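Peer 1: Take a look at this one; I'll ask things after.
The values are calculated or read from the model by the stated rules, or taken from the named source; none is laboratory data. It should be emphasised that the depicted structure is a prediction, and the values quoted were computed from it without experimental measurement. All Cβ positions, even for glycine, are placed from backbone atoms using ideal geometry, and neighbour counts span all protein chains on display. To get the accessible areas, we keep the full protein, side chains included, count just its heavy atoms, and leave off ligands, DNA and RNA. Shrake-Rupley method; radii C 1.70, N 1.55, O 1.52, S 1.80 Å.
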Amino acid sequence: MRYPEPSSQGGKSLLRFAPLALILVLLATGLLLGWHRYLTLDYLAEIRTTLKAFAADHGWLAVLTYVLVYAIAVSVAFPATWLLTLAGGFLYGIWIGGLLAATGATIGATLLFWAAQTAFGEGLRSRVDGFAGKVAKGFEANAFSYLLALRLAPVFPFAVVN
C-alpha cells in the first residue's frame, strides 16, 4: 500500500508559515508569561550586580547568551531592545557592548526577514507592480545600499525597518 508523499502542495503551503508561526509563538509566550515586566530600567538597575557577576563568571557563555537574547528580542519585535542595548553597554563597555548588540540585532533582523520572506515572499512578489515593483527591483539590485540608507535614516524606526 502506497501512502501519499508528505510534501504535497497543501503541506508545503502551510509549512512556509512555520518560521513566522514560531516567532509569533515566542512573542505570545513572552507576553503571556510577563517577561515584559522585567524589561524596565528599574529592574535592570536592581539586578545589575547579578548580571555583572554572571558576565564575569561565565565569560563567553554570557556573551553568547546576551547575543542570543538580543537576537530573539529583535526577531519577535519585543519592544524593549533599547534596554538590552543599555545592558550590553554597562556589562561589556560601550564598544564591545555596542558590537554585541549590533550582532544580536543583525541576527534577529535576519531571522525575521527570513521568516517573512518564507511566508509571504512569493505571494507578494507576484502581486507587486508599478512604483512598488520598481522599488523591489531596485532593492534586489542594490540591497546593501537600500538597507544602509534605511538603517541610517532616523525617520525609519528600527522595528519597522526590520
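Peer 1: Scan region 47-58 and tell me whether some residue there is assigned to a helix (DSSP H, G or I) and under 26 Å from W114 (Cα atoms).
Peer 2: No, the conditions are met nowhere in region 47-58.
Peer 1: Which ones in region 21-46 are under 22 Å from A115 (Cβ atoms), of a type in the set (A, V, I, L, M) and in a helix (DSSP H, G or I)?
Peer 2: Within region 21-46, A21, L22, I23, L24, V25, L26, L27, A28, L31, L32 meet the criteria.
Peer 1: Which of the residues belonging to region 86-122 are buried (at least 18 other Cβ atoms within 10 Å of the Cβ), free of Cβ contacts under 8 Å to residues at least 60 places away in the same chain and within 16 Å of the chain's Cα centre (by Cα)?
Peer 2: L100, A101, G104, A105, G108, A109 - these are the residues of region 86-122 that are buried (at least 18 other Cβ atoms within 10 Å of the Cβ), free of Cβ contacts under 8 Å to residues at least 60 places away in the same chain and within 16 Å of the chain's Cα centre (by Cα).
Peer 1: Let me ask something else. Could you check region 76-85 and list, in sequence order, the residues that are in a helix (DSSP H, G or I) and open to solvent by 10 Å² or more (accessible area, probe 1.4 Å)?
Peer 2: Selection gives T81, W82, L84, T85.
Peer 1: Could you list all residues from region 32-63 that are of a type outside the set (G, A, S), loosely packed, with under 13 Cβ neighbours inside 10 Å and over 14 Å from L84 (Cβ atoms)?
Peer 2: Passing the criteria: L32, L33, R37, D42, E46, T49, T50, D57, H58, W60, L61.
Peer 1: Looking only at residues in region 1-31 that are at pLDDT 80 or above and of a type in the set (V, I, T), which one is least open to solvent (accessible area, probe 1.4 Å)?
Peer 2: T29
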